[in-house]
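A.B. asks: Can you keep this structure in mind? I'll have questions shortly.
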Amino acid sequence: MNPQAMSIDTGNTAFMLLCSSLVMLMTPGLAFFYGGLVGRKNVLTIMMQSFVSLVWTTVLWFAFGYSMCFGPSLGGIIGDPTHYAFLRHIDLSTMFTLGGSTAGIPLAVHVAYQMMFAIITPALITGAFANRVTFKAYFLFLTGWLIFVYFPFCHMIWNPDGILAKWGVLDFAGGIVVHNTAGFAALASILYVGKRRVVENLPHNVPLIALGTGLLWFGWYGFNAGSELRVDHITASAFLNTDIAASFAGATWMIVEWMNAKQPKFVGLLTGSVAGLATITPAAGFVSPTMAALIGILAGVICYYAVAMKNKLGWDDALDVWGVHGVGGLIGVVLLGVLASKAWNPAGADGLLFGGTGFFGKQVAAVAISSIWAFAFTYGMLWAIDCVTPVRVEPEQEAMGLDTGLHGEEAYSKEV
């Protein structure tokens, strides 16, 4: 199709601009969520790491990131980094036609929407190594991880010419591309960096966590429903499934924790809801609302016990990134392989429950590949960064708090 000949669909374009804004809001939401979970001496540091991703990922995306993800494929692994470098070949009349799309949205809108996904993904990882990584090391980590983990998997799965996309792997909004890769990178990070010397397991501000959860949940509608890239019945289904899964997961986590701790916990309710959001993400546009409820229940149970296992093993995943996002993304992709139905999305696939044995195998293989690569590359990259600049902060800085020790700022000027 001639890109110049397609007219703009104003409804789809307005919707996608709104969804881009919603996904952007998720990164400040994550900053509040993480900021409330850490101790008061490290609030600004963890929040700054999210906002640094917001600005620096945008720079990389503009320079070559979008081209590496959605440019002409080089062997199905990565896009040509020069094709859209600095957004060349994109002007006011350039339309998004990837995969034969007829959504009628300008290519610039797709650039903006996908950029917001790239921004939040590495920011998710920061919760794992909270309170103990230098800013210089984080900056190098952010850059390298995007180039060698996020950009390739984004291309392989979401570019129609990507090797996993051609193989038939499905990921509606980022179970592999976002949550699974970030979660297993988080696991590698905590094993490499080691435990905190000063452990603060009690959140310093629960209302901040609630605010962050609300912003994440609100933004997730753009994250999932917007991944249809147009307004149709799949968009509505993905929107509804997002809320159903989050609600069932939050309720399930609360009940399971209530049974174990003998008290219902607000932070548990909030964490469980985020686990449900992460788990439904790959399946949102491919399953029925009933299956979304089942996914939410399983997310609440499995992610809760994944966090419990992490604690028993002594892994210092400060903000439970692996248990919520890594495990949530993994089981979401696997459950998609079981519960997907063409009755709810003819462009999708039938899962194991509906006779799709081959599709189930592909989903399991894809999530295994992403988990192994994200873990192995992250561990190796942290070792390489450590050869250049220390990854871990000095004991004195950790004791005083990274807000003062690294940035010379304080979230609170006095005890309140």
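A.B. asks: Pick out, in residue order, every one of the trypsin sites (Lys or Arg not before Pro) in region 86-169 that is DSSP loop and has at most 16 other C-beta atoms within 10 Å; say none if there are none.
C.D. replies: Numbers: sites: 88, 132, 136, 166; in loops: 88, 132.
For trypsin sites (Lys or Arg not before Pro) across region 86-169 that sit outside H, G, I, E and B with at most 16 neighbouring Cβ atoms in 10 Å, the list reads 88.
A.B. asks: For the chain, compute the number of Lys pairs whose alpha carbons are separated by less than 14 Å, excluding pairs fewer than 8 positions apart on the same chain.
C.D. replies: Details: 41/414; 166/362; 195/310; 195/312.
Lysine pairs meeting the criterion: 4.
A.B. asks: Candidates (i) 20.4, 64; (ii) 21.3, 63; (iii) 23.3, 83; which is the computed Rg and Dmax of the Cα atoms in Å?
C.D. replies: Entry (i).
A.B. asks: At most 14 other C-beta atoms within 10 Å and a DSSP loop state: those are the exposed GluC sites (Glu not before Pro) I care about. Give me the longest piece of the chain that has none.
C.D. replies: Working: sites that count: 409, 410, 415.
In short, 1-408.
A.B. asks: From the alpha carbon gyration tensor of region 177-219, can you work out the equivalent ellipsoid semi-axes (sqrt of 5 times each eigenvalue) and give them in Å, largest to smallest?
C.D. replies: On the way: eigenvalues 114, 79, 4 Å².
Largest first, region 177-219 gives 24, 20, 4 Å.
A.B. asks: Need one value: the accessible area of residue 404 in square angstrom, 1.4 angstrom probe, rounded to the nearest 10.
C.D. replies: Surface open to solvent at residue 404 totals about 60 Å².
A.B. asks: A further question follows. Under a point-charge model restricted to the Cβ atoms of Lys and Arg (+1) and Asp and Glu (-1), what is the dipole moment magnitude of region 353-413 relative to its Cα centre, in debye to the nearest 20?
C.D. replies: Values: 2 positive and 7 negative charges, 146 e Å.
So the dipole magnitude of region 353-413 works out to roughly 700 debye.
A.B. asks: Report, in cubic angstrom per residue, the convex hull volume of the C-alpha atoms of region 338-416. Don't skip to the end; give the middle numbers.
C.D. replies: Working: hull volume 17.3 nm³, N = 79.
Taking the convex hull of the Cα positions in region 338-416, it is 219 Å³ per residue.
A.B. asks: To the nearest 10 square angstrom, what accessible area does residue 387 show with a 1.4 Å probe?
C.D. replies: Roughly 90 Å² of residue 387 is accessible to a 1.4 Å probe.
A.B. asks: Here's another thing I want to ask about it. Over the alpha carbons of region 272-362, what is the largest minus smallest coordinate on each principal axis, giving the biggest first in Å?
C.D. replies: For region 272-362, the Cα spread along each principal axis is 43, 24, 16 Å.
A.B. asks: Mind checking the dipole of region 230-324: about its Cα centre, +1 per Lys or Arg Cβ, -1 per Asp or Glu Cβ, Debye to the nearest 20?
C.D. replies: Working: 5 positive and 6 negative charges, 34 e Å.
The dipole of region 230-324 has a size of about 160 debye.
A.B. asks: Using the charge dipole of the chain (Lys, Arg: +1 at Cβ; Asp, Glu: -1 at Cβ; taken about the Cα centre), state which of 303, 15, 34 has its Cα farthest towards the positive end.
C.D. replies: It is 303.
A.B. asks: Taking loop as defined by DSSP and a crowding limit of 10 other beta carbons within 10 Å, which trypsin sites (Lys or Arg not before Pro) in region 228-275 fit?
C.D. replies: On the way: sites: 230, 262, 265; in loops: 230, 262, 265.
Counting only loop positions with at most 10 other Cβ atoms within 10 Å, the trypsin sites (Lys or Arg not before Pro) in region 228-275 are 262.
A.B. asks: Now, a different point. Hey, in the chain, which Cys have no second cysteine's beta-carbon closer than 4.7 Å?
C.D. replies: Flagged as lacking a Cys partner: 19, 303, 387.
A.B. asks: Return one number: the angle in degrees, 0 to 90 and rounded to the nearest 10, between the long axis of the Cα atoms of helix 206-225 and the longest principal axis of the Cα atoms of the chain.
C.D. replies: For helix 206-225, the angle is close to 10 degrees.
A.B. asks: Could you tell me the center-to-center distance, by alpha carbons, between region 329-398 and region 264-295 in angstrom?
C.D. replies: Spelled out, the Cα-based centre of one part sits 17 Å from the other.
A.B. asks: Per 5 Å bin from zero, what fraction in whole % of the C-alpha pairs of region 141-221 is there, up to the bin with the longest pair?
C.D. replies: For region 141-221, the pair-distance distribution reads 3, 12, 14, 16, 17, 18, 11, 6, 3, 1.
A.B. asks: Right, next: If I ignore ligands, DNA and RNA and count only protein heavy atoms, how much of residue 233 is accessible to a 1.4 Å probe, in Å² to the nearest 10?
C.D. replies: 130
A.B. asks: Shifting gears a bit: Using a Gaussian network model on the chain with a 10 Å cutoff between Cα atoms, which of 207, 28, 152 fluctuates the most?
C.D. replies: Most flexible of the set in this elastic network: 207.
A.B. asks: Assign unit charges at the C-beta atoms only (+1 for Lys and Arg, -1 for Asp and Glu), then state the dipole size of the chain relative to its Cα centre in Debye, rounded to the nearest 20. Mind showing how you got there, number by number?
C.D. replies: Numbers: 18 positive and 22 negative charges, 109 e Å.
Dipole size: approximately 520 debye.
A.B. asks: How big, on average over all directions, is the shadow cast by the Cα convex hull of region 42-189, in nm²? Walk me through the intermediate numbers first.
C.D. replies: Numbers: hull surface 35.7 nm².
So the Cα hull casts an average projection of 8.9 nm².
A.B. asks: Turning to a different aspect of this structure: Might you tell me the accessible area per residue for the chain, computed with a 1.4 Å probe and given in Å²?
C.D. replies: 38
A.B. asks: One quarter of the convex hull surface, Cα atoms only: what value does that give for region 73-128 in nm²? Mind showing how you got there, number by number?
C.D. replies: Numbers: hull surface 21.2 nm².
So the Cα hull casts an average projection of 5.3 nm².
A.B. asks: Hey, another quick one. Could you tell me which residue out of 203, 255, 101 lies farthest along the dipole of the chain toward its positive end? Charges go on the beta carbon: Lys and Arg +1, Asp and Glu -1, centred on the Cα centre.
C.D. replies: 255
A.B. asks: Is region 169-274 rounded, prolate or oblate when judged by the Cα gyration tensor, a ≥ b ≥ c being the square roots of its eigenvalues, rounded requiring a/c under 1.5 and prolate requiring a/b larger than b/c? Numbers along the way, then the final one.
C.D. replies: Working: a/c = 2.20, a/b = 1.39, b/c = 1.58.
Cα axes put region 169-274 in the oblate bin.
The values are calculated or read from the model by the stated rules, or taken from the named source; none is laboratory data. Computed from a predicted model, the values in this text were never measured in an experiment. All Cβ positions, glycine included, derive from the backbone under ideal geometry; neighbour counts span all protein chains shown. Surface accessibility is based on the protein's heavy atoms, side chains included, excluding ligands, DNA and RNA. Shrake-Rupley method; radii C 1.70, N 1.55, O 1.52, S 1.80 Å.
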